[in-house]
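Peer 1: First, the structure itself, so that you have it in front of you.
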Amino acid sequence: MQTLPNPTTNRPLTDTTIHRRKTRPVKVGNITIGGGYPVVVQSMINEDTLDIDGSVAAIRRLHEIGCEIVRVTVPSMAHAKALAEIKQKLVATYQPVPLVADVHHNGMKIALEVAKHVDKVRINPGLYVFEKAKNTEYSQAEFDEIGDKIRETLEPLVVSLRDQGKAMRIGVNHGSLAERMLFTYGDTPKGMVESALEFIRICESLDFRNIVISLKASRVPVMVAAYRLMVQRMDELKMDYPLHLGVTEAGDGEYGRIKSTAGIAPLLADGIGDTIRVSITESPEKEIPVCYSILQALGLRKTMVEYVACPSCGRTLFNLEEVLHKVRDATKHLTGLDIAVMGCIVNGPGEMADADYGYVGKQPGFISLYRGREEIKKVPESEGVTELINLIKADDRWIDP
């Protein structure tokens, strides 16, 4: 029987490997985005950048739990200059951390200042240059005139970043498209893509290609469509820039996490995306576990134990939820392992075939422990977690918490 290709990736539907889109490597401090490197995790501090000590502490907190690139906002020249002190203090009291400055609202001078102190500058094409409201269609001449103004204001920043070997993120937001893009292309993914391409072409004309692209939206279907269209257009234009994925303003709690995952995961599964940020209305530290969970679930990064567990049913021979919590509490500090907790023998060995270790209920009051597909021993349920740990230790795969 013929296997049809996946309409998005053009690969066989039976292909279970994620084939990441080939992109150019872009250095951000000591981290590389794209170029086949692991998908990078980012977040952003909430502190006012004028608060030097508070900002340093916030950056350090994020970095210590796995955030690889940290973004800060620079709404004024004073904030931009404060980044010099923040960077120096990080080096003196902790270590260098890749920093990105967020520049908005006619921030040409601010961007030039902050480019001296950070590793990457993020600009929003819809806000970088002031466009006087016209509230009507734009002629080609008017459209091009504004494009010339954009080039004039962007060129010094591009040259500065190019000469320093630093990077830029061209960060388009659906909610802040420039007016002429709205009137020309509509409030659409196409408008987002064309906005990004306009800035990319300016950078390329100045021989600057240390660029990362993002096209964020608060509505998942818009966000996903924009990234897919961007990839299509870049392929047509022989561009290979890495992509920064994120659903902006996703909200908080369970829904915020689900919404972010719904937008980021399908693109990563299709090989699209080189760095991600989960934007939830909670402390930035809460974003990092969500990022790693998404990457772990897709097999793109292995940063924690992968737990395989059945949902429980009438055949289950122990309190599965309780036991899973006990197993997780005892082993969650390990990395690179797959551990299965299965309630009965019906699905156990088959469903957990890819796991390194299995904890299976085979008869009331007893647990069978597996190494891969091989049953190693049967122990009383009360000793199950302890004996699982002993098995991992016997294989020299245990580390103390």
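Peer 1: Going by the conditions given, is PHE208 out of contact with any Cys (no Cβ under 6 Å at 6 or more places or on another chain) and part of a loop (DSSP other than H, G, I, E, B)?
Peer 2: Considered against the rule, which asks whether it is out of contact with any Cys (no Cβ under 6 Å at 6 or more places or on another chain) and part of a loop (DSSP other than H, G, I, E, B), PHE208 comes out as yes.
Peer 1: Which of the following residues is out of contact with any helix residue (DSSP H, G or I) (no Cβ under 6 Å at 6 or more places or on another chain), in contact (Cβ under 8 Å) with a residue 60 or more places away in the chain and within 29 Å of PRO75 (Cβ to Cβ): VAL41, VAL26?
Peer 2: Within the list VAL41, VAL26, the selection yields VAL26.
Peer 1: Which of the residues belonging to segment 388-400 are free of Cβ contacts under 8 Å to residues at least 60 places away in the same chain and crowded, with 17+ Cβ neighbours inside 10 Å?
Peer 2: LEU391
Peer 1: Another one. Restrict the check to segment 310-320 and report whether at least one residue is of a type in the set (Val, Ile, Thr), in contact (Cβ under 8 Å) with a residue 12 or more places away in the chain and closer than 23 Å to ASP338 by Cβ.
Peer 2: yes
Peer 1: Please count how many residues of segment 189-240 are under 23 Å from the mean Cα position of the chain (by Cα), surrounded by fewer than 23 Cβ atoms within 10 Å (Cβ to Cβ) and among the hydroxyl-bearing types (Ser, Thr, Tyr).
Peer 2: So the answer is 1.
Peer 1: Which ones in segment 70-107 are surrounded by fewer than 16 Cβ atoms within 10 Å (Cβ to Cβ) and closer than 19 Å to ASP163 by Cα?
Peer 2: ALA84
Peer 1: Which of the helices (runs of 4 or more DSSP H) contained wholly in segment 70-189 include at least 1 residues that are at pLDDT below 90?
Peer 2: 108-114, 125-128, 140-164, 179-185
Peer 1: Filter segment 279-299 down to the residues that are assigned to a loop (DSSP other than H, G, I, E, B) and surrounded by fewer than 17 Cβ atoms within 10 Å (Cβ to Cβ) and list them by number.
Peer 2: THR281, GLU282, SER283, LEU298, GLY299
Peer 1: Go through segment 1-37 and report how many residues are at pLDDT 95 or above and outside any loop (DSSP other than H, G, I, E, B).
Peer 2: Result for segment 1-37: 6.
Peer 1: Filter segment 323-363 down to residues that are in contact with a strand residue (DSSP E or B) (Cβ under 6 Å, 6 or more places away or on another chain) and at pLDDT below 80, then give me how many there are.
Peer 2: Residues meeting the conditions: 6.
Peer 1: With the structure loaded, tell me whether ILE392 is touching a Phe, Trp or Tyr at 6+ places or on another chain (Cβ under 9 Å), more than 16 Å from MET342 (Cβ to Cβ) and outside any strand (DSSP E or B) or whether it fails that test.
Peer 2: When the stated conditions are applied, ILE392 passes them.
Peer 1: Out of everything in segment 241-278 that is among the aliphatic types (A, V, I, L, M), under 17 Å from VAL222 (Cα atoms) and part of a helix (DSSP H, G or I), what residue ends up being nearest to the chain's Cα centre (by Cα)?
Peer 2: ILE264
Peer 1: Name the residues in segment 241-272 that are surrounded by fewer than 23 Cβ atoms within 10 Å (Cβ to Cβ) and polar (S, T, N, Q), would you?
Peer 2: Within segment 241-272, THR248, THR261 qualify.
The values are calculated or read from the model by the stated rules, or taken from the named source; none is laboratory data. What you see is a predicted model; the values in this text were computed from it and never measured. When we count neighbours, we look across all protein chains shown, and the Cβ atoms used for this are built from the backbone with ideal geometry, even at glycine.
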